[in-house]
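Asks: Just dropping this structure here.
The values are calculated or read from the model by the stated rules, or taken from the named source; none is laboratory data. None of the values given here were measured: they were computed from a predicted structure. Glycine gets a Cβ as well: all are built from the backbone with ideal geometry, and neighbour counts include every protein chain shown. Quick note on the areas: whole protein, heavy atoms, side chains included, nothing else; ligands and nucleic acids left out. Shrake-Rupley method; radii C 1.70, N 1.55, O 1.52, S 1.80 Å.
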Amino acid sequence: GAAMLRSLGPVLCLWALRLPAGTGAAARGLDIASYRERVRAMFYHAYEHYLESAFPYDELRPLTCDGQDTWGSFSLTLIDALDTLLILGNVSEFQRVVNVLQEGVDFDIDVNASVFETNIRVVGGLLSAHLLSKKAGVAVEAGWPCSGPLLRMAEEAARKLLPAFQTPTGMPYGTVNLLHGVNPGETPVTCTAGIGTFIVEFATLSHLTGDPVFEDVARKALKALWKNRSDIGLVGNHIDVITAKWVAQDAGIGAGVDSYFEYLVKGAILLQDKELMSMFLEYNKAIKNYTKFDDWYLWVQMYKGTVSMPVFQSLEAYWPGLQSLIGDVDNAMRTFLNYYTVWKQFGGLPEFYNIPQGYTVDKREGYPLRPELIESAMYLYRATRDPTLLELGRDAVESIEKISKVDCGFATIKDLRDHRLDNRMESFFLAETVKYLYLLFDPDNFIHNDGSVFDVVITPYGECVLNAGGYVFNTEAHPIDPAALHCCRKRKEEQWEVEDLMQEFYLLKKTKKFTLKRASDCGEGESAEDPENASSEKGGEKRNTRKSSHSLLSCPSQSFNSKLAVLGQVFLDNT
């Protein structure tokens, strides 16, 4: 700690000296702009080579200038990079890619896919692009944001994942075949993150489509993990989804666990859900009690709390950003500065770093251009405006350009000690690393909107406010507009209809006896078969005028019991 403060001392003094001169802020502004442009150039260097050499494969192989399928076979880098295009302001390419994806991507394929990766990259990427498509100038359908081609694709991909959740515990298998469902003989062991990282995408899907199944399975999985925490309040990192026995009992905040904690917080914010937040705060106490030492976090045995690995993993660097989301900025900043010293030691974050020895761990010396430390810097910069955070951004740009840039893109760094490269460019480089860097250097980006500007959309369910800010990033940096979740209240709407009808029923029942008619006695009136058509026709105006004359789900001359039959249920006199 002291050594680190000493190393930061001169930096802080420099800023203190530079600011009173009056030019400090301006000079820093110019600096930000030039780094922003370098990040933009970085994106296009990688993106254009992907299109040229790797599309339609999932990922670019930058050393051989060709492509490979990695997580499935759905042009993954294109889906993952789509919303980054809009954040960089490129609407024409966004529109072109939307068309390419609609025509070219098929999920009916005989491929074994990671349930977790398909959700965060494909479902998340498509949902985010769907919700941003109007902003990007795409001609959206009348029912948008409650319908649209990208939403249908996201739903189709998510449906392919549902068979994985059919287990005795509700915790999903880790792998699913997109054509046949879960393979016979599939391992029942899944990592904690692979169970607890669905609520953001699946709740969004349920709210937009009106189908509760997605949110239901995601919640059930979250609760199963919560139920299986240890007596001291910790979770391990791999569990058997059939027996609920912990297979790997190391507890920490990094690989195998990370985004479970992240999604409790982000799910709580997105859904305004106190239960999810209180789960996280309980975990947070246990994590502080058992795994935190001097603003580092170690790995401990989940039942005993004894240290099992005194290791910092690069994936853990998301934690300061998450702490900033719950307002714990001082602690976040201290941990961030620890992690930043590791970055400065190597020009990147090694996958594992031995804290007591202060060096890399054997076979874990690589840096695959991960975003997590930059992500935390972006959040903390929004919270504090501390210039140290911009310096991490600067260091990241310089490092990545110097070490990892090759003719055909940017290559994974295989070893930070001698800068050997690997023939891979993960899709998260364009989805997350470049996006968070750009947002760090672009304070006026629409993503940072504070609610002072917004769009109003008319939907069949009334007026709807969108693009007012408060975006929640999924764990692949795909921004979800939380306001959109309140635009498509199909289920609520029908519930109110039923409640109104029930009240009417009991009022009438007091005054006279009923005879039961069939619903088809509508005669010439509107069809009772399809209440959906009645509500979705021609946006909001039609619906409102019709509502004033008679109920959405009714025919003008229909008896009361027949109206109830429209919803597939008949309430008789004796109910």
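Asks: Given a 1.4 Å probe and every protein chain left where it sits, what share in percent of the accessible area of the range 32-490 is carbon and sulfur?
Replies: Heavy-atom surface of the range 32-490 belonging to carbon and sulfur, 1.4 Å probe: 49 percent.
Asks: For the full complex of protein chains and a 1.4 angstrom probe, list Thr209, Thr243, Thr197 by accessible area with the highest value first.
Replies: Putting Thr209, Thr243, Thr197 in descending order of accessible area: Thr243, Thr209, Thr197.
Asks: For the range 32-490, what is the accessible area per residue in Å², given a 1.4 Å probe and the full set of protein chains?
Replies: 34
Asks: Provide Val434, Val91 ordered by accessible surface of protein heavy atoms (probe 1.4 Å), highest first.
Replies: Val91, Val434
Asks: Also, I was wondering about something else. Heads up, I need the accessible area for Ser452: 1.4 angstrom probe, whole protein in place, Å², nearest 10.
Replies: 90
Asks: Give me the net charge for the shell around Asp66: Cβ to Cβ below 14 angstrom, other residues only, Lys and Arg +1, Asp and Glu -1.
Replies: Values: positive: Arg61, Arg424; negative: Glu52, Asp58, Glu59, Asp69, Asp407.
Net of charged neighbours comes to -3.
Asks: Answer with one residue from Asn338, Thr475, Ala136: the one whose Cα lies farthest towards the positive end of the charge dipole of the range 32-490, charges on Cβ with Lys, Arg +1 and Asp, Glu -1.
Replies: Projecting each Cα onto the dipole axis, the largest value belongs to Asn338.
Asks: Placing unit charges on C-beta atoms (Lys and Arg positive, Asp and Glu negative, everything else neutral), compute the dipole magnitude of the range 32-490 about its Cα centre in debye, rounded to 20.
Replies: Charge dipole, the range 32-490, about its Cα centre: 900 debye, nearest 20.
Asks: State the Cα centre-to-centre distance between the range 135-150 and the range 48-78 in whole Å.
Replies: 28
Asks: Now, a different point. Just how much of His180 is accessible, in Å², when a 1.4 Å probe is used and the result is rounded to the nearest 10?
Replies: Ignoring ligands and nucleic acids, His180 comes out at about 130 Å².
Asks: In the neighborhood of Lys344, defined by Cβ-to-Cβ distances under 11 Å, what is the net charge if each Lys or Arg adds +1 and each Asp or Glu adds -1?
Replies: Details: positive: none; negative: Glu391, Asp395.
The answer is -2.
Asks: Probe radius 1.4 Å, ligands and nucleic acids left out: which of Phe55, Phe94, Phe454 has the largest accessible area, and how do the rest follow?
Replies: Order by accessible area, largest first: Phe454, Phe55, Phe94.
Asks: Name the shape class, rounded, prolate or oblate, that the alpha-carbon gyration tensor gives for the range 32-490, where a ≥ b ≥ c are the square roots of its eigenvalues, rounded holds for a/c under 1.5, and otherwise prolate holds if a/b is larger than b/c and oblate otherwise.
Replies: Rounded, since a/c falls under 1.5.
Asks: Using 22 Å as the Cα-Cα cut-off, could you pick out the over-long pairs in Lys344/Lys414; Lys160/Lys266; Lys245/Lys304; Lys266/Lys414?
Replies: Values: Lys344/Lys414 17 Å; Lys160/Lys266 24 Å; Lys245/Lys304 16 Å; Lys266/Lys414 32 Å.
The answer is Lys160/Lys266; Lys266/Lys414.
Asks: Could you compute the net charge surrounding Asp258? Neighbours are other residues with a C-beta less than 12 Å from the C-beta of Asp258; K and R count +1, D and E count -1.
Replies: Details: positive: Arg370; negative: Glu262, Glu316, Glu372, Glu375.
In short, -3.
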